[in-house]
Amino acid sequence: MKHDIGKQVLERIEKEQVRPYSRWRFVLRRSVMWGLFILSLALGSLACGVVIFQLTHADWDLCRNFHVGYVTFLFYVLPYVWLVFLLGFTAFAYFYFRRTERGYRYPTVWLIGGSILLSLVGGGVAYKVDLAARLEVVLRNNVALYRQMQEIKSRIWVAPEKGLLAGEIVDVLDAGKIRLKDFKGHIWRVDVKNALWRGRLKASKGLKIKVIGRLEGKDHFLAEEIRPWQGHGWRRFFHRGFGPGFGRCNPNGPRGLGGKGAEKRKRSQK
């Protein structure tokens, strides 16, 4: 019986002219799988780096202006597009590693967890060496769709009734005033005479800024603090630490944002 089966197999091989695959084909397939796995991890790391970059530059101390806690404010500033990319590239990394010569041996949870961990580590490196920041700038300058998405997101800052304003300086006026065009195209006359300028900024035409203060009337805004458009909100956030009040905004605001901080600054100016 065994002899008959072997004979049938040989006859079928001869009839169908079956030829064994050469060794280079398996080597090539293995190399492609590993290459795609590494590429997926690299792209996932870049996506993670941009997520870290955008969260780092979010102004966490401004959640008081929106009357929400830090957790709720997180949903305002999360870069959802990049999170989708991160998850997508993590899925690709899992898919391609699973198809390597030993990928089938590892549990799914380990593979997915390991891919996410490697992307986080790679993202931290990409952020540290400013690769994520450069990628953000390149996309803003060269990809119209991405630029439009970021501009829509930036309009959250155009909330003068909540003490927030952002845009581009179109003119520097006398007596400590500037003319600002916000991201919705509206022109404002902003009093910056007693404002606190962050990041060594100076009023100049074409400069994009964030303004914190209060609405004084139609088209008129009084500035208390001015920040660069790309600020370091995460540093201010962690400077206060994870104390008992974590998750709740300080109603008095951080120093320089109004409340007790603004009162101290005004007394020092006197």
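None of the figures in this text is laboratory data; all of them are computed from the coordinates on show. These figures come from a predicted structure and were not determined experimentally. Please note: Cβ atoms are built from the backbone with ideal geometry, for glycine as well, and neighbour counts cover all protein chains shown.
ILE5 versus LEU117, label points 7 Å from Cα toward the beta carbon: distance in nm?
In this crude spin-label approximation the distance works out to 4.4 nm.
Just to verify a number: FRET efficiency for ARG25 and TYR104, C-beta to C-beta distance, R0 = 25 Å, to 0.05?
For ARG25 and TYR104, the calculated efficiency is 0.80.
Whose amide H sits under 5 Å from the amide H of LEU173, counting only residues 5 or more places off or on another chain, with H placed in the peptide plane?
ILE178, ARG179
Check cross-link reach from LYS202 to the aspartates and glutamates: straight Cα distance under 19 Å, and skip same-chain residues fewer than eight apart.
Correct list for LYS202: GLU168, ASP171, ASP174, ASP182, ASP191, GLU224, GLU225.
What percentages, rounded to whole numbers, describe P(r) for region 122-227 computed over all alpha carbon pairs with 5 Å bin width beginning at zero?
Going from the shortest bin to the longest, the percentages are 3, 12, 20, 20, 16, 12, 10, 5, 2, 0.
Pulled fully out, how much extra length does the chain show between LEU87 and ILE187, if you take 0.36 nm times their separation in residues and subtract their Cα-Cα distance?
32.0 nm
What are the semi-axes of the equivalent ellipsoid for region 15-139, taken as the square roots of 5 times the Cα gyration tensor eigenvalues, largest first, in whole Å?
One finds semi-axes of 40, 15, 11 Å for region 15-139.
If you take the beta carbon distance between PHE95 and ALA175 as r and set R0 to 45 Å, what does 1/(1 + (r/R0)^6) give as a FRET efficiency, to the nearest 0.05?
Using R0 = 45 Å, I get an efficiency of 0.10.
Could you please rank ILE209, ILE156, ILE187, placing first whichever residue has the fewest other Cβ atoms within 10 Å of its Cβ?
So the residues, fewest neighbours to most, are ILE187, ILE156, ILE209.
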